[in-house]
Each structure stands twice: as structure tokens, then as C-alpha cells.
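Inspection log for the structure reproduced underneath, given as C-alpha cells.
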Amino acid sequence: MTGRGAILLDRLERSRAEFGGGAEARKLALLASLDRLSLPAATQVLRLHEVLCFLRAYPDGPKLLARVEGMLGGLADRRDLRRHRRALADSGIAGTAIEFRFFWPTARWLARRWGRRLSIVWRDFDGRDQLEDLLPLLTHFGETPALDEIAYTPRQWLARLKGPDETDAAFLVRRFAALPMDEFACEKLYDRLDPPLRLAPGPDTPSRTAAKYATGAVAFQTVPLARGRPDLKAELRRPPLAVRTVSRREGQRLIDLARAAMVTRSRDLDVFSWGDPDDVRLVDCGGGLRFAVIGAIPERRLLLEAVYAFLTLKNGVPVGYVLNSALYGSAEIAYNVFETWRGAEAGAIYGRVLATVRHLFGADSFTIYPFQLGEGNAEALESGAWWFYQKLGFRPRDPEARRVMAEELRRMRARPAHRSSIATLKRLAHANLYFHLGPSRDDVIGLLPLPAAGLAVSRHLAGRFGSDRERAARVCEDEAARLLGAGSRRGWSAGERQAWARWSPLVLVLPGVAGWSAPEKKALVGVVRAKGGRRESDFVRRFDRHRRLREALRRLAVHEDAANP
């Protein structure tokens, strides 16, 4: 039985991406046989799980999908999975535990939803001494005589402090949430403590096994996968089939699905963690491919670029994610395909990513930062990510990277089997890559020194107000309102008022703004309000239409960058 199971599993893995010509019948027969077997090794259980997840996203037909759904639904009860439960920890498979140093918003989400299944992994907790110092902040003053004198360990203290139906992790997270400080300060303090947590499995805890979103009719895969490289310029001119703004309730479900996709892969992504259920859209690209486009709540937005995260769904199954920053008709994109689906349709899906970004944000220039190419990212180096983007048409502007690229291309022409070494890929990954739909330009993310605008604001505030940044905020808000004729802000939303508070010092240091026409000033007020409005992509569109604002911010950033090399 042991040898037969291994043979069947090998055959299933080889045939998973074959479609048409009797492929479905062969897969069904293999699945039926494997469903009756108990696999002897944890690695084999994991491999079976991965094939099932792949086929769930790319089913040949309704019979195969039903078989896959049934096997995934019963996976946690399989005898071989129960036997190897400990070895499969952190796999994200239903019925197994997850251990990770979750950041504050995710830890709080887990404690709120699955607090009874959350515990501290004390063996890996390096911050126990810090926790001991923080205990007086997390407890009632009446408990201080004991805290001051009794030499319990932090673990012993939490065991005494928590409620009878509470775990140590749930108590810790809830006490942090109750601290009399704002969310940003609480987050910094908790993340510095960095407690490792364990999420025990339960019937509804996050798992890769159960991850699926009902997105309508299933697109069955009856022809070979589209594994070729797309023509990006053609893709960018082909918009998505449909973009649907979802209800707040559906938006929250999609955010929760995205957060669970990260948790089950021991990852965290800020935009998913701070996702705004009022700023979620579902983009349909056809063939069962959809993107859940998620924006951040207003208080967690950046001052300048608008950052959105996409959860990539294939027939409702999360197969990857995208992080997109947009401004100046340009976008910086981080693209990730989850390991189970790598080698399937990475290029084709990436073409649809760029088309979606162009459609929603008006971008015609795209930037890839070094981390995505392999700088400090071993996974990207091993996968040859740099050449993936280069073959799609991205190019470096850095002279040294261009020289290394030219040398490698010469070697490939001379010997087609040549592959760049890891050392060479590291040299290539040191600089950004760019793709332009139209003519190449310099006012794009990755070339514009936008962080320097923050230095200009600091110089202005330090010179006028020193340490009294609270007075600075009040004065700048009023001065910016008078300068732009903003009038009363009583009817504005909380997000719009917050955006005004954050932008007002920048407004005051923009070169030449006092000489703008009344319509231009009014339009700037609209830009700022959009930064705190329901949909941050509206801010991008308004900003990019405001030519004088774009030029003023560019001049400010370039001048400050030159003055502070």
C-alpha cells in the first residue's frame, strides 16, 4: 500500500496541469484511489493537499471539482493527517496549528475571533523580560504590591492574571488593546515585544484547505494553461470585463479571506490588516480570474501614494496577492503567486494585474523595486524573478545593471542554455526595473524623490514651531484653509478632516501655491479631501489631473533632495 500510494501521488502531480484528451478521467481515477489510502509520510500528505488545492482553482469539470471539494472537506479527519499533525504544523492545512510572530492588527483580529485557540509560544518568546517591565501598565493598580515583590515569571503572572476562560495570548492582546494610547503607539509597543503566538486548529480557524470565495459560475479548464509571456502593451489596452463595488458586508468577507490567506502562510500585509470594507471592489478578468481590490482605512493611508492590495482569486481560490502604490500616472507593483500555483499562469495573470492597475488608477508607467527582484529576497533570486520581468519588457535605468544585462544576453545568445548565477542576479536586482506604455519619463514612482517632501515639511515645522508639533498642526490647518479658501470643515467626514490635518503643512511649503488661480486652489482642496474619502483611488485621479500640483510637488521634492544628499 505504501509503494502504491507513492506511485499514485507521483502520477497525480504529473497530471495536475494536463487538460483535455481524457485528463479529467485520469485525475478522477487517481483521486478515488488516493482517497482510500493512508499515506505514510507527512510530506506525502502535504503533496496531496497541494494538488487538491491546485485542482480546486483549475478544475477540469464539475465531477472533478466535486471530488476535490469532498476530499478537501474531509482532509482534517484523514487518519494520515491526524498521525502527522505535529509534522504538518505551519502548513496551513486544516486540522494543523500555526505559529508565527503576528503583527499587532493580526494578533488582535485572531484574539477577537479565535481567542480561545490562541496561546503564547513561550519557548520562542525572546521578549519575556520586556513583558515583565510592561506588566504594571497592563494590570490594575491594586495588583502592584504583588507585582513589585513576588518573583513570578511572566508566564506565571499571565497564568494568574487571565480569566478562567481566557488564554494567556488573548489576555495579553486584550490588555494591549485597552491601553490608554492611540492605535499607532499601541502597535509600536506590541510589535517591539513581538510575542510568538500559536493558533490551534478548530472547525472555523483559517486554513488553506477551506479558503475559497463564492464568486459565481466556475470556469472549467478544458485547454492547456496559458503559460506564454503576454504582450504587456496589448494587455494594458484591454480593460477588465467588469468592476463591481461590493457591499460593506461583502467587503469585510473579502478582507477576512485575504487576512486568512496571509495567516495560513505565516505572512502579514498591512493593507489587508487595515483593509477598509467601504473600499473594496471585485474585478472580473474572465476565465475565473478575479481580483479583490482592497484599500486601507483613511487613518492608515500614506500621505502621498495610494496603496492598495489585491487578493488574486482563481475560481474563488486565493492563488496570490498584489501590492500596488500609485501616483503621478505610475505604479509600483509587488506581485506574488502562492507556491502551489507557481508555474501555472504567472505571466498571463501578471498582464491582467497591470491592466487592472491602469484601469483603476490611470497608470501608464510601472516600477519594480529591488526586493521583488531578489535584493534581500532569496525566494525571488531562486525563481529568477529578474528575468521574468525583463522578458515581459521591463528594463533597468541604472548603468551598471544595464551593462550586466547586456553581458548576460550576449552569453545567452552564444549558449542558449546559459542561466544567470545567483551572484549575477544579486547584481541585477540592486536597481529598479521600469516599463512604460508610452514614452519613457522621469516623473514616476521610483525616480521621483517623493520622501524628500517630508524633509521640506520637517524643515518648515522645526523652524517655526520646534517641539510644539501640536500647535503646528492647529496653525497649519488654519493657514492652509485661508490660503486655499477652504472655509468651514464642519460638514467634512472624519477621514477628510484627518487628511486635511496631515496635508496642511505640505500645502504651505508647495512652491508658488499662493499664486494659483481660485479654481486651482479649490481643486487642491478636493485632492486633499479625496485622500480621506471613501475611495483612495479617487485621490490618485484628482491628483494626477491637477497639473500645477503635480509640478509643485515634483519641484519641492527634487529641490529638497538636492539640498539633502
remark   = Note on the stretch 31-42: residues touching a His at 6+ places or on another chain (Cβ under 8 Å) and open to solvent by 30 Å² or more (accessible area, probe 1.4 Å) are Ala41
Residues being out of contact with any Gly (no Cβ under 6 Å at 6 or more places or on another chain), open to solvent by 20 Å² or more (accessible area, probe 1.4 Å) and under 14 Å from Val317 (Cβ atoms) - total across the stretch 190-210 = 1
task = Kindly provide the set of residues from the stretch 497-511 that are open to solvent by less than 50 Å² (accessible area, probe 1.4 Å) and touching a residue at least 40 places away in the same chain (Cβ under 8 Å), ordered by number.
result = Ala499, Trp503, Pro505, Leu506, Leu508, Val509, Leu510, Pro511
query = Counting only residues that are in contact (Cβ under 8 Å) with a residue 24 or more places away in the chain, out of contact with any Ser or Thr (no Cβ under 8 Å at 6 or more places or on another chain) and not in a helix (DSSP H, G or I), which one in the stretch 344-376 is nearest to Glu536 (Cα to Cα)?
reply = Gly362
note = Over the stretch 214-244, the set of residues open to solvent by less than 70 Å² (accessible area, probe 1.4 Å) and within 18 Å of Ala66 (Cβ to Cβ) is Thr215, Gly216, Val218, Ala219, Gln221
query = Taking the stretch 379-420, which residues are assigned to a loop (DSSP other than H, G, I, E, B), out of contact with any strand residue (DSSP E or B) (no Cβ under 7 Å at 6 or more places or on another chain) and either modelled with pLDDT under 95 or within 25 Å of Glu345 (Cα to Cα) (or both)?
reply = Gly384, Pro416, Ala417, His418, Arg419, Ser420
request  = Could you list all residues from the stretch 102-124 that are open to solvent by 20 Å² or more (accessible area, probe 1.4 Å), more than 16 Å from Ser207 (Cα to Cα), touching a residue at least 60 places away in the same chain (Cβ under 8 Å) and of a type outside the set (Asp, Glu)?
outcome  = Phe103, Arg108, Ser119
ask   = Cβ-Cβ below 7 Å, separation at least six or inter-chain, first residue in the stretch 226-240 and over 24 Å from Phe19 (Cβ atoms), second open to solvent by less than 50 Å² (accessible area, probe 1.4 Å) and part of a loop (DSSP other than H, G, I, E, B): which pairs?
value = Leu232/Gly393; Lys233/Leu437; Leu236/Leu437
inquiry  = Given the condition open to solvent by less than 10 Å² (accessible area, probe 1.4 Å) and closer than 22 Å to Ala261 by Cβ, answer yes or no: does some residue in the stretch 11-30 qualify?
reply    = no
ask   = Looking at Ala89, is it at negative phi and surrounded by 19 or more Cβ atoms within 10 Å (Cβ to Cβ)?
value = no
key: Among the residues listed as Arg474, Arg482, Arg489, the single one being over 19 Å from Val527 (Cβ atoms), basic (Lys, Arg) and out of contact with any Leu (no Cβ under 8 Å at 6 or more places or on another chain)   = Arg474
inquiry  = Of everything in the stretch 491-526, what is within 14 Å of Leu302 (Cα to Cα) and hydrophobic (A, V, I, L, M, F, W, C)? Give them in sequence order.
reply    = Ala499, Trp500, Ala501, Trp503, Leu506
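Please state which one of Leu179, Leu137, Leu147 is open to solvent by 60 Å² or more (accessible area, probe 1.4 Å) and either aliphatic (A, V, I, L, M) or assigned to a helix (DSSP H, G or I) (or both).
Working: Leu179 fails: open to solvent by 60 Å² or more (accessible area, probe 1.4 Å); Leu147 fails: open to solvent by 60 Å² or more (accessible area, probe 1.4 Å).
The unique qualifying residue is Leu137.
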ask   = Taking the stated definitions as given, is Phe310 outside any helix (DSSP H, G or I), in contact with a Cys (Cβ under 9 Å, 6 or more places away or on another chain) and crowded, with 23+ Cβ neighbours inside 10 Å?
value = no
task = With a cut-off of at least 3 residues that are more than 20 Å from Val317 (Cβ to Cβ), name the helices (runs of 4 or more DSSP H) lying wholly within the stretch 1-105.
result = 2-15, 23-36, 42-57, 79-83
query = Is the stretch 327-335 home to any residue that is surrounded by fewer than 22 Cβ atoms within 10 Å (Cβ to Cβ), touching a Lys or Arg at 6+ places or on another chain (Cβ under 7 Å), at pLDDT 95 or above and aromatic (Phe, Trp, Tyr)?
reply = no
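Can you confirm whether the stretch 387-394 contains a residue that is within 28 Å of the chain's Cα centre (by Cα) and within 24 Å of Gly92 (Cβ to Cβ)?
No, the conditions are met nowhere in the stretch 387-394.
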note = Selection from the stretch 403-436 of residues open to solvent by 20 Å² or more (accessible area, probe 1.4 Å) and in contact with a Ser or Thr (Cβ under 7 Å, 6 or more places away or on another chain) yields Asn432, His436
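The values are calculated or read from the model by the stated rules, or taken from the named source; none is laboratory data. As the structure is a computational prediction, the values presented were derived from the model and not from experiment. Note: ideal-geometry Cβ built from the backbone for every residue, glycine included; neighbour counts use all protein chains shown. With ligands, DNA and RNA removed, areas are computed over all heavy atoms of the protein, side chains included. Shrake-Rupley method; radii C 1.70, N 1.55, O 1.52, S 1.80 Å.
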